[in-house]
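Scroll down for the structure; my scribbles are underneath it.
The values are calculated or read from the model by the stated rules, or taken from the named source; none is laboratory data. Fair warning: this is a prediction, and the values are worked out from it, not measured in the lab. Using ideal geometry, Cβ is built from the backbone for each residue, glycine included, and neighbour counts are taken over all protein chains shown. Surface accessibility is based on the protein's heavy atoms, side chains included, excluding ligands, DNA and RNA. Shrake-Rupley method; radii C 1.70, N 1.55, O 1.52, S 1.80 Å.
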Amino acid sequence: MKCLVYSPETADIETSSEDYARRFSGSVGHWFLKVQEEATLRMLAPHSGATVLDVGGGHGQIADSLVRHGYRLTVFGSADVCRMRIQHLLDDNRCSFDSGDILQLPYPNSSFDIVVSYRLLSHVSRWPQFLSELARVARLGVIIDYPATRSINFIAPQLFRIKKRFEGNTRTFNAFSESQLLEDFGSNGFKRG
């Protein structure tokens, strides 16, 4: 008799930690986060006041900016500990937080105008199911980041030991081709915007 064990995807517990936040604490990290924030706000600009679900957003990298610009934000994490870095927003009732299985989001179809997920896709082993869930709960669009196979990430597996020695807290990750992700989103009824 075979027994299948369901293992939840919990990569966002690491990305929601203070240790992970330190990776962005220097001038290069601050610059990177500023570029990410500005790009996100440009993509969201046509949807002023939209409802936004940030899956895996406990890292807080865009949460302050989204609520400051009037978006109605819900952050979703795989565990309650993922709320720690956004607790100040929760205490002020400026956003909400839910936790559970990122592969079975507890929301009806099209519950949010926009779904965002940064720092997570590359660490999710069942990524097609993850993208399907993001698309399912999004009414207008999904915004993700990912390491592209058409970049230095192509040789990342060979360089991982060096990267680990330099960064200390790095993890293995999946890289994606744009066509691969567009095909997956297309099968979920979305196209590149």
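Numbers for the structure displayed
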item: Residue match in the stretch 116-125 (condition: open to solvent by 20 Å² or more (accessible area, probe 1.4 Å) and at pLDDT 95 or above); result: no
item: Matching option when the condition is basic (Lys, Arg) and within 24 Å of GLU37 (Cα to Cα), among ARG94, ARG136; result: ARG94
item: So SER16, is it open to solvent by less than 30 Å² (accessible area, probe 1.4 Å), among the polar types (S, T, N, Q) and under 20 Å from PHE130 (Cβ atoms); result: yes
item: Residue list for the stretch 99-113, filter: surrounded by fewer than 22 Cβ atoms within 10 Å (Cβ to Cβ) and touching a Phe, Trp or Tyr at 6+ places or on another chain (Cβ under 8 Å); result: SER99, GLY100, LEU103, LEU105
item: Residues of the stretch 74-94 classified as open to solvent by less than 10 Å² (accessible area, probe 1.4 Å) and among the hydrophobic types (A, V, I, L, M, F, W, C), total; result: 5
item: Residues (assigned to a helix (DSSP H, G or I) and of a type in the set (Ser, Thr, Tyr)) located in the stretch 24-40; result: SER27, THR40
item: Test set (1) outside any loop (DSSP other than H, G, I, E, B); (2) buried (at least 20 other Cβ atoms within 10 Å of the Cβ); (3) touching a residue at least 24 places away in the same chain (Cβ under 8 Å); (4) hydrophobic (A, V, I, L, M, F, W, C) - ILE143 fails condition number; result: (2)
item: Hits in the stretch 49-73 (condition: more than 15 Å from the chain's Cα centre (by Cα) and open to solvent by less than 10 Å² (accessible area, probe 1.4 Å)); result: ALA50, SER65
